[in-house]
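Notes for the one structure printed next.
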Amino acid sequence: MPAYDRDNIFAKILRGEVPCQKVYEDEVVLAFMDVMPRVPGHLLVVPKVPARNLLDVPPEALAAVMPRVQKVAAAAVRALEADGLMLQQFNEEAGGQTVFHLHFHILPLHHGAALKPPGGPMEKPEVLAEMAGRIRAALAG
Ligand code: 5GP
């Protein structure tokens, strides 16, 4: 497996070099809206540990991440009044990964909703900002 590349786009977002629509942050993770959402409310939980994916993340770091994934996922379901939730996590190109910093996709789903294909189009910043605000409010409440 290739080495971790510290110039991947999520590393730049974590360092504040590239903007994002932030939903949640603590010492372990940063969660923000996916710019090419496959459903409304599609967001990403990105651990701060510099791991490429599930195959190289230290187990103790992963153990700290999962409660954050659960917390943000539950808030997204509440904010969207979703009927369910899909959690996605891809590993290496053959496994569907396109950004090589470990991350978890949270997709709040309603009965009968169809997922858009991955890779676009980009959502309008104001739509992502409104959605991030709703999920932040659910986290606060
Ligand atoms: P994966 O690597 O799991 O296939 O997916 C990477 C995800 O990152 C995609 O859903 C894509 O839309 C999202 N993404 C790619 N570049 C950016 C970016 O610059 N900002 C945000 N917020 N999401 C991104």
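Descriptive notes on the structure:
- Tabulated pairs, segment 33-49, first closer than 15 Å to Met131 by Cβ and in contact (Cβ under 8 Å) with a residue 40 or more places away in the chain, second more than 13 Å from the ligand (Cβ to nearest atom) and assigned to a loop (DSSP other than H, G, I, E, B), C-beta under 7 angstrom, 6+ apart or interchain: Val39/Ala113
- Filter pass, Asp7 being over 20 Å from Ile135 (Cβ atoms) and surrounded by fewer than 20 Cβ atoms within 10 Å (Cβ to Cβ): yes
- Residue in segment 14-25 that is within 8 Å of the ligand (Cβ to nearest atom), modelled with pLDDT of 95 or more and surrounded by 15 or more Cβ atoms within 10 Å (Cβ to Cβ) present: yes
- Looking only at segment 31-45, and only at residues there that are within 9 Å of the ligand (Cβ to nearest atom) and part of a strand (DSSP E or B), the one that is nearest to the chain's Cα centre (by Cα): Leu44
- If you go through segment 93-119 and keep only what is surrounded by 11 or more Cβ atoms within 10 Å (Cβ to Cβ), within 10 Å of the ligand (Cβ to nearest atom) and assigned to a loop (DSSP other than H, G, I, E, B), you end up with Gly96, Gln97, Val99, Phe100, His101, Leu102, His103, Pro118.
- Only one of Val35, Val46, Val57, Val29 that is touching a Leu at 6+ places or on another chain (Cβ under 9 Å) and more than 13 Å from Val99 (Cβ to Cβ): Val57
- Top-ranked residue in segment 120-141 [being away from the ligand (no atom under 11 Å from the Cβ) and part of a loop (DSSP other than H, G, I, E, B); ranked as farthest from Ala79 (Cα to Cα)]: Lys124
- Test set (1) over 19 Å from Pro118 (Cα atoms); (2) in a loop (DSSP other than H, G, I, E, B); (3) of a type in the set (S, T, N, Q) - Asn53 fails condition number: (1)
The values are calculated or read from the model by the stated rules, or taken from the named source; none is laboratory data. Just so you know, these numbers come straight off a predicted model, no measurement behind them. Please note: Cβ atoms are built from the backbone with ideal geometry, for glycine as well, and neighbour counts cover all protein chains shown.
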